[in-house]
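Colleague: Below is one structure. I have some questions about it.
The values are calculated or read from the model by the stated rules, or taken from the named source; none is laboratory data. Note that the structure is predicted; figures quoted are calculated from it, not measured. Backbone-built Cβ (ideal geometry, glycine too); neighbour counts: all protein chains shown.
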Amino acid sequence: MNATIWLALALVLVLEGLGPMLYPRAWRRMIAAMSSLPDNILRRFGGGLVVAGIVVYYMLRKTIG
């Protein structure tokens with residue numbers, strides 16, 4: 001794998017870890033609220049995150065070279 005993918009993975013891990021590290025109670029409430037959402041809403045949310053991630057990756061790749 002090239003360095004860009006490792007950098008992206010590292011940034012995802014840092015950002016994902018900030019919620020439970022800084023605000024564990026709020027993070028737990030958010031997860032509990034999300035677990036009660038219907039499957040189609042969760043799929044849309046997940047799909048939106050995937051599309052946003054691909055767009056950001058494409059923009060960074062185009063900018064960096």
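Colleague: What are the residues in segment 17-65 that are within 19 Å of Asn2 (Cβ to Cβ) and in a helix (DSSP H, G or I), if any? Give the steps one after another, and end with the answer.
Modeller: Residues of segment 17-65 within 19 Å of Asn2 (Cβ to Cβ): 53-54, 56-65.
Those that are within 19 Å of Asn2 (Cβ to Cβ) and in a helix (DSSP H, G or I): Gly53, Ile54, Val56, Tyr57, Tyr58, Met59, Leu60, Arg61, Lys62, Thr63, Ile64.
Colleague: Hey, another quick one. Given Gly47, Gly53, Gly65, which one is at pLDDT 95 or above, of a type in the set (Gly, Ala, Ser) and out of contact with any Pro (no Cβ under 8 Å at 6 or more places or on another chain)?
Modeller: Numbers: Gly53 fails: at pLDDT 95 or above; Gly65 fails: at pLDDT 95 or above.
Every option except Gly47 fails the conditions.
Colleague: Among Arg25, Arg61, Arg44, Arg29, which is loosely packed, with under 10 Cβ neighbours inside 10 Å and either basic (Lys, Arg) or at positive phi (or both)?
Modeller: Working: Arg61 fails: loosely packed, with under 10 Cβ neighbours inside 10 Å; Arg44 fails: loosely packed, with under 10 Cβ neighbours inside 10 Å; Arg29 fails: loosely packed, with under 10 Cβ neighbours inside 10 Å.
Just one listed residue meets the conditions, Arg25.
Colleague: Something else about it: Working only within segment 1-16, note down all residues that are assigned to a helix (DSSP H, G or I) and hydrophobic (A, V, I, L, M, F, W, C). Talk me through it step by step, then tell me what you get.
Modeller: First pass over segment 1-16, keeping only residues assigned to a helix (DSSP H, G or I): 3-16.
Hits for segment 1-16 are Ala3, Ile5, Trp6, Leu7, Ala8, Leu9, Ala10, Leu11, Val12, Leu13, Val14, Leu15.
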